[in-house]
Amino acid sequence: MPELPEVETYRRFIDELAVGQTITALEVLDAHVLATPPDQLRSALAGRTIKGTKRLGKNCFLELDNGQVLVLHFGMTGDVGAYRDAPDAPRFTRVALHLEDSGLRLAFIDPRKFGRIRLADSVAAYQQAKKLGPDALDITAAELQQKLGRRKTLLKPLLLDQSITAGLGNWIVDEVLFQAKIHPERLGVSLSDKEFQALHSAIQLVLATAIKQEANYRDFPASFLIHAREWDTSATPGTEAHKFCPRHPKVKIEKYYVGGRATYICPKCQPAPDALDAGAASKQRKHARAGAKADK
DNA sequence: ACCCATGTTCTTTG
DNA sequence: TCAAAGAACATGGG
């Protein structure tokens with residue numbers, strides 16, 4: 001579940017495990033997750049010492065003693081782990097770094113193999129190459145407003161766009177919009193100054209909370225929408241209360257799709273966009289329909 | 001057996 | 001050029 005808080009948790013793990021250690025070998029169990037050719041990666045890593053770690057959005061970086069960085073992106077199902085002997089490798093370990101002093105191996109675990117490992121010349125170079133915006137923990141309310149305030153696009157896809165701000169993923173955006181009491185289908189251009197402030201505060205609140213709990217969702221406050229997501233209720237069957245808004249015990253959380261992504265909202269807390277903004281969108285749909293009829 | 005899924009990137013369509 | 005929708009990726013789990 002690697003969105004920003006998970007990746008920050010992974011980074012801290014790696015920081016404790018690997019900083020100061022020298023890489024003795026790169027073990028490739030499945031080359032699919034390598035975005036840099038295996039041979040090139042091996043020669044670049046062997047004998048290098050890990051000087052520190054960094055994170056930008058959902059990306060984690062291991063800083064090498066020659067200035068280069070090893071970039072880890074965890075896709076949808078990536079994780080990290082540590083083990084000593086080969087038979088103890090966690091299930092779905094795809095790549096492992098052998099560490100000299102501790103004799104441990106740092107595992108890159110990824111069942112679905114959407115994750116990637118690559119070499120880059122610096123964090124900044126990678127950020128530029130991938131067109132990543134400022135980290136979601138660093139972006140200011142003013143920057144957010146400047147980037148979104150003229151966009152006639154649905155708010156949810158905008159917040160998921162890593163080039164606007166990096167680190168927000170599907171559940172976090174839902175949580176942020178719920179906390180900010182803004183509907184995911186509002187257009188960027190329709191938000192008031194006050195709403196941008198609320199949006200920014202909500203991003204800070206959700207990320208800080210998630211990082212504090214090391215991204216263990218079930219430890220999040222009861223005021224969070226996340227408890228309404230199916231993967232929570234499925235773990236505790238029959239808990240119907242989870243399906244209701246934390247602020248309105250009688251209002252059911254609605255699930256539907258926005259920009260192709262599963263989206264959860266409280267219809268009372270997050271009123272649907274009206275004529276002022278996404279009226280434009282519904283008008284467009286009407287025109288399209290009328291046009292289609294006229295064509296026949 | 002079928003459907004869903006936390007992310008990214010490309011293609012298609014309007 | 002922009003915006004939206006869909007597909008593709010690879011695979012496990014409900």
Q: Multiply the residue separation of A:SER192 and A:GLN204 by 0.36 nm, subtract the distance between their alpha-carbon atoms, and state the gained length in nm to one decimal.
A: 2.5 nm
Q) When DSSP assigns beta bridges and you keep just the ones with both residues in the range A:4-129, what percent turn out antiparallel, to the nearest 5? A) 95 percent
Q.
Between helix A:279-295 and chain A, what is the angle of the helix's C-alpha long axis to the longest principal axis, kept within 0 to 90° and rounded to the nearest 10?
A. 80 degrees
(Q) Amide H of A:SER122 versus every other amide H placed in the peptide plane: which residues, excluding those fewer than 5 positions away on the same chain, fall under 5 Å? (A) A:VAL69
Q. Amide H to amide H under 5 Å from A:ALA82: which residues, 5+ apart in sequence or cross-chain, H placed 1.01 Å off N in plane?
A. A:ALA107
**Q.** Degrees separating the helix A:170-180 axis from the principal Cα axis of chain A, which is the longest one
**A.** 50 degrees
Q.
Along its three principal axes, how long is the range A:4-129 when you only count alpha carbons? Whole Å, largest extent first please.
A. 39, 30, 27
Q. Between A:ARG42 and A:VAL251, 0.36 nm times their residue separation minus their Cα-Cα distance comes to what?
A. 69.7 nm
Q: Report, in degrees rounded to the nearest 10, the 0 to 90 angle that the Cα long axis of helix A:193-212 makes with the longest principal axis of chain A.
A: 40 degrees
**Q.** Kirkwood-based Rg to Rh ratio, chain A, C-alpha trace
**A.** 1.04
**Q.** Max mean-square fluctuation residue, GNM over chain A, Cα-Cα springs under 10 Å, options A:ALA86, A:ALA166, A:ALA25
**A.** A:ALA86
Q: Just report the Cα centroid separation between the range A:122-179 and the range A:47-108, whole Å.
A: 26 Å
Q: Give, in whole angstrom and from largest to smallest, the semi-axes √(5λ) of the equivalent ellipsoid of the range A:83-151, with λ running over the eigenvalues of the Cα gyration tensor.
A: 37, 14, 12
Q | Stretchable slack from A:ASP30 to A:LYS268, in nm (0.36 nm times residue separation minus alpha-carbon distance) | A | 80.9 nm
Q | Helical mean residue ellipticity (222 nm; -39500 (n - 2.57) per DSSP H run of 4+; nearest 500) of chain A | A | -9500 deg cm²/dmol
(Q) Output needed: Cys residues of chain A lacking any neighbouring Cys C-beta below 4.7 Å, sorted by number. (A) A:CYS60
Q | Projected area, mean over directions - the range A:141-282, Cα convex hull, nm² | A | 8.4 nm²
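All of the numbers you see were taken from the coordinates with simple rules; none came from a lab. Values in this document were obtained by computation on a predicted structure and should not be read as measured data. Counting neighbours? That spans all protein chains shown, and the Cβs are built from the backbone with ideal geometry, glycine included.
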